[in-house]
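Engineer: Have a look at this one before I ask anything.
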Amino acid sequence: MLTLRDKTGWSIRRSKITMDVVLIIAGVLLGGRFGAITILTALTTGPTIQYLSQLFSRLLYGERI
C-alpha cells in the first residue's frame, strides 16, 4: 500500500482501497467468499488509516500533512 502510494503519488486512502479491491477480486477468482462486511472493510480502512495518520502526526510532531 505504501509503495503504491509512493510510486503513484496517491493518498493513503486511495492506495489502500485500490489494494483491497484488487485482493478481493483475486480472492474471489481463487474461489473465496465475500460479503457485505468485506466490502465495508475495504472501503473504510483506507480513510481511517489516513485520518489517524494525520491526527497522530499533528499530535506527536506538530506537523500538518
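Engineer: In whole Hz, what ³J(HN,Hα) sequence does the range 25-36 give by Karplus (6.51, -1.76, 1.60; θ = phi - 60°), x for Gly and Pro?
Structural biologist: 4, 4, x, 5, 5, 8, x, x, 10, 8, x, 5
Engineer: Ok, one more. Percent relative contact order of the chain, based on C-alpha pairs within less than 8 angstrom and at least six residues apart?
Structural biologist: RCO, the chain: 32 percent.
Engineer: Still on this structure, please answer the following. Provide the solvent-accessible area of ARG13, counting protein heavy atoms only and rolling a 1.4 Å probe, rounded to the nearest 10 Å².
Structural biologist: Approximately 110 Å² for this residue.
Engineer: Next question, about the same structure. So how exposed is LEU60, as accessible area in Å² (1.4 Å probe, rounded to 10)?
Structural biologist: My reading of the accessible area for LEU60 is about 130 Å².
Engineer: Within the chain, what whole-number % of the accessible surface is contributed by carbon and sulfur, with the 1.4 Å probe and all protein chains included in the calculation?
Structural biologist: 65
Engineer: Counting only heavy atoms of protein chains, what accessible area per residue, in Å², does the chain have with a probe of 1.4 Å?
Structural biologist: In whole numbers, the chain has 78 Å² accessible per residue.
Engineer: Treating only the Cβ atoms of Lys and Arg (+1) and Asp and Glu (-1) as charged, compute the dipole magnitude of the chain about its Cα centre; round to the nearest 20 debye.
Structural biologist: For this selection, approximately 100 debye.
Engineer: Between ILE24 and SER11, what length comes free when the chain is fully extended (0.36 nm per residue of separation minus the Cα-Cα distance, one decimal in nm)?
Structural biologist: Additional length available on full extension: 2.7 nm.
Engineer: Moving on to the next point. Can you give the calculated 222 nm mean residue ellipticity of the chain, where each DSSP H run of n ≥ 4 adds -39,500 (n - 2.57) and the sum is split over every residue, rounded to the nearest 500 deg cm²/dmol?
Structural biologist: So the calculated ellipticity at 222 nm is -26500 deg cm²/dmol.
Engineer: When only alpha-carbon atoms are used, what values of Rg and Dmax, in angstrom, describe the range 1-56?
Structural biologist: 12.3, 39
The values are calculated or read from the model by the stated rules, or taken from the named source; none is laboratory data. Quantities reported herein were computed from a predicted structural model and do not represent experimental measurements. When we count neighbours, we look across all protein chains shown, and the Cβ atoms used for this are built from the backbone with ideal geometry, even at glycine. We work out accessible area using only protein heavy atoms, side chains counted, and drop any ligands, DNA or RNA first. Shrake-Rupley method; radii C 1.70, N 1.55, O 1.52, S 1.80 Å.
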